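Visitor: I have a structure here, written as structure tokens, and I will follow up with some questions on it.
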Amino acid sequence: MPVSLADVVSAAHELWPLDGAEAWDAPGLVSGDPRAEVSRVLLAVDAVDATVAEAVDGGYDLLLTHHPLLLRGVTSVAEDRYKGALLARLIRGGCALLGAHTNADVVEEGTSAVLAAGLGIVDARPIVPGADPARGLGRVGELAEPVALGRFARHVLDLLPPTAGGVRVAGEYDQPVRCVAVCGGAGDSLLAHPEVRSADAYVTADLRHHPASESREETLAAGSGPALLDVSHWASEWLWLDAAAAQLRASLPGVVVDVSESRTDPWDFAVVH
């Protein structure tokens, strides 16, 4: 039986309910005819030139991305602007665009949960639970046994896809790590949360200078607090795509669901001393 775009959107919203999204977010269907037939879906973190080309040239009917292309308001989708050009290419290519953002962060198999599982964190629970205590922002739990921070950082590096930035670490190489908090994507808003402050290490992305510096100074002054591991935003959320693809395949038998191999991290290389 043919599967329509409306069917795929319904399945996506069952897996990642829209009521789980943050108020500022813009998940959901961006473009496409809900009546159109869908037989092939491509998942990516970002809708950028590389993934749009991959979707259209590969004959996919839908590009499902984690980050919404139109997160912030625009007043034009003219094709001399990159977002307009991307949308036009998708529309002309018969490929719809759907986003699942913070609504996919908070679920049981969301971005942070997948990252926590990959790092071997046991009995992970949300840092910020929602009405359903199994859902919420971030995850925190314990490793099966303590490990030195330096070795843990190497494990993080090996788990994630390669990026120019690698893993930046604030903390002593040999300090023990047992309790770990994680937040896929930008997570410095959680630095002061008690669950993060009581962890031995916090793995997240996009840590800015002042919040990171203040967190480390508080740790030095108090004699307790988390080591910080700053990773690529894209890499921290790319892991989720395989889990999301598996869920969609189970919900939509007969629909081909693939994961993009395109690296959409914006950084190309690093120069260090």
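The values are calculated or read from the model by the stated rules, or taken from the named source; none is laboratory data. Since this is a predicted model, take the numbers as computed values, not measurements. All Cβ positions, glycine included, derive from the backbone under ideal geometry; neighbour counts span all protein chains shown.
Visitor: Specify which of the listed residues (Ala55, Ala100, Ala96, Ala47) is farther than 20 Å from Asp25 by Cβ and surrounded by 21 or more Cβ atoms within 10 Å (Cβ to Cβ).
Guide: Ala55
Visitor: For region 103-117, give me the residue count where each residue is surrounded by fewer than 24 Cβ atoms within 10 Å (Cβ to Cβ), in contact with a helix residue (DSSP H, G or I) (Cβ under 9 Å, 6 or more places away or on another chain) and among the acidic types (Asp, Glu).
Guide: 1
Visitor: Would you point out the residue of region 260-270, among those that are surrounded by 15 or more Cβ atoms within 10 Å (Cβ to Cβ) and not small (Gly, Ala, Ser), that is farthest from Pro2 (Cα to Cα)?
Guide: Asp265
Visitor: Step by step: first the residues of region 36-77, then only those that are acidic (Asp, Glu) and touching a Leu at 6+ places or on another chain (Cβ under 9 Å), then the one that is farthest from Trp234 (Cα to Cα). Which residue is that?
Guide: Glu37
Visitor: Assigned to a strand (DSSP E or B), of a type in the set (Asp, Glu) and modelled with pLDDT of 95 or more, is that true of Asp268?
Guide: Details: assigned to a strand (DSSP E or B): no; of a type in the set (Asp, Glu): yes; modelled with pLDDT of 95 or more: yes.
No.
Visitor: Let me ask something else. Looking at region 188-203, which of its residues are touching a residue at least 12 places away in the same chain (Cβ under 8 Å), more than 20 Å from the chain's Cα centre (by Cα) and outside any loop (DSSP other than H, G, I, E, B)?
Guide: If the condition is that a residue be touching a residue at least 12 places away in the same chain (Cβ under 8 Å), more than 20 Å from the chain's Cα centre (by Cα) and outside any loop (DSSP other than H, G, I, E, B), then Glu195, Arg197 are the ones that fit.
Visitor: Being assigned to a strand (DSSP E or B) and not small (Gly, Ala, Ser) is the filter here, so list the residues in region 122-145 that pass it. Spell out the reasoning first.
Guide: From region 122-145, those assigned to a strand (DSSP E or B) are 122-125, 128-129, 136-137, 139-145; that's our starting set.
Val122, Asp123, Arg125, Val128, Pro129, Leu137, Arg139, Val140, Glu142, Leu143, Glu145, listed by residue number.
Visitor: Within the bounds of region 248-265, is there any residue that is over 25 Å from Ala104 (Cα atoms) and either outside the structural domain of Leu62 (by TED's automatic domain parsing) or modelled with pLDDT under 95 (or both)? Steps first, answer last, please.
Guide: So in region 248-265, the residues over 25 Å from Ala104 (Cα atoms) come out as none.
Checked against the condition, which is being over 25 Å from Ala104 (Cα atoms) and either outside the structural domain of Leu62 (by TED's automatic domain parsing) or modelled with pLDDT under 95 (or both), region 248-265 yields no hits at all.
Yes/no matrix, rows are residues, columns are (1) surrounded by 14 or more Cβ atoms within 10 Å (Cβ to Cβ); (2) in contact with a His (Cβ under 9 Å, 6 or more places away or on another chain); (3) not β-branched (Val, Ile, Thr):
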| position | (1), (2), (3) |
| --- | --- |
| Ala124 | yes, no, yes |
| Ala131 | no, no, yes |
| Arg135 | yes, no, yes |
| Glu145 | no, no, yes |
| Gly165 | yes, no, yes |
| Val169 | yes, no, no |
| Gln175 | yes, no, yes |
| Arg178 | yes, no, yes |
| Ala181 | yes, yes, yes |
